[in-house]
Amino acid sequence: VKDRLQGAELIGSGSQAFTKVIRADMKRWAGVVQAAGVERE
Amino acid sequence: MLRLAAMAALATAAFILTPGGIAFAADAYPARPVRVIVPFAPGGTSDIMARVMSQQLSEQLGQTFVVDNRPGASGFIGHGMVAKAAPDGYTIATVDDGFSIIPSVKKEMPYDPVRDFTFITEVMSVPRALVVRPSLNATTVKEFIAQAQASPGRMTFASGGTGGINHLSAELFNLSAKVKLIHVPYKGAGAATTGVLSGESDLVIAAAPTVVAQVKSGKLRALGVTTGAGKRFAALPDVPPSPIQALPAWRSTPGSGSSDRRRCPARSSTESTERSSGRLPRRS
């Protein structure tokens, strides 16, 4: 267990901040998918 | 230490979310076992994180938090179960980067990734490592990029499958470094790393803790880690931070299913974390 979590950085953000992170990540990955030409399955 | 810090942070998160009050009586939650769905097979980082947290919550709250592995279909099975569960705080789940990627790579979604869930807290971030086969003539990210730019379309990267985090991380690397590594999909992240170990592929961007042993033994060469500028990954202190700052670290978070935010499970988490942080008495 210790090995698999080594280097982990605790975040502990609030729910609102976390929701913003999810939305931002979705937007970012959508851009990467589009730019890289990854086809939807 | 790690677990307690995470729980205290969770309490803060819940307070922010529920300024209007708590829907559950202070002593009511959890009144029965809580199901913690991990949408991946046992043994992965999400699974380990869930088990560490569940054990701590069980000890602190006197109620069992049961990890329930529901792997398959890119997380659809497990997260779909959470989306359909009653929004009462008794079915929660872990989320990782793939949760944010899937809507972009799937034509049809069995749930709305934002509306159908209440996100409790982002627990931790694990750095990623850019690792290459040792026979490659590159010892830094800069040298690797130079080689890739000199031989467009001839160098490869391995992934655990199309649309996964290490696939898109490498595509982001392609875009950021202005190179064109060819995608070689494998069946799972472990197989992708093995593909680089065997020399079939040139590079994989993997969760750093999963490649420490191979890097230390010389079977893989780590060119950089996504710890951010100025930071080092303690397990591989000689590996510099990646100069490609756009690459994300791996994230793992607990989320919970709810279609009604007024009854979101995060309120239950408030109770849980209040106790774990010592503000409310523990159950005997």
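Observations
- When the range B:136-234 is reduced to its Cα atoms, the Kirkwood hydrodynamic radius in Å: 13.6 Å
- Three-way shape label, the range B:45-127, alpha-carbon gyration tensor, a/c 1.5: prolate
- Per residue, the convex hull volume that the Cα atoms of chain A enclose (Å³): 139 Å³
- Rolling a 1.4 Å probe across all protein chains gives residue B:112 an accessible area of roughly 50 Å².
- Where B:155, B:81 fall by accessible area, highest first, once all protein chains stay in place (1.4 Å): B:81, B:155
- Amide H contacts of residue B:65 (H built 1.01 Å from N, under 5 Å, at least 5 apart or other chain): B:34, B:58
- Principal-axis tilt of helix A:15-36 within chain A, Cα atoms, nearest 10 degrees: 40 degrees
- Area accessible to solvent at residue B:77, 1.4 Å probe radius, in Å²: 80 Å²
- Heavy-atom accessible area with a 1.4 Å probe sorts B:49, B:109, largest first, into B:109, B:49.
- To the nearest 10, the accessible area of residue B:76 is 40 Å² with a 1.4 Å probe.
- Structure note, pairs B:180/B:231; A:27/B:187; A:27/B:106; B:187/B:219: Cα-Cα distances above 23 angstrom occur for B:180/B:231; A:27/B:187.
- Mean-position separation - Cα centroids, the range B:105-132 and the range B:133-152, in angstrom: 31 Å
- For residue A:20, the aspartates and glutamates whose Cα falls under 20 Å of its own Cα, not counting residues fewer than eight places away in the same chain, are A:9, B:96, B:97, B:112, B:116, B:122, B:260.
- In summary, the lysines within cross-link reach of residue B:178, defined as a Cα separation below 17 angstrom excluding same-chain residues under 8 places away, comprise B:142.
- Contour excess over end-to-end distance, with Cα ends at residue B:200 and residue B:41 and 0.36 nm allotted per residue: 54.7 nm
The values are calculated or read from the model by the stated rules, or taken from the named source; none is laboratory data. Remember, predicted model here, so these are calculated numbers, not experimental data. To get the accessible areas, we keep the full protein, side chains included, count just its heavy atoms, and leave off ligands, DNA and RNA. Shrake-Rupley method; radii C 1.70, N 1.55, O 1.52, S 1.80 Å.
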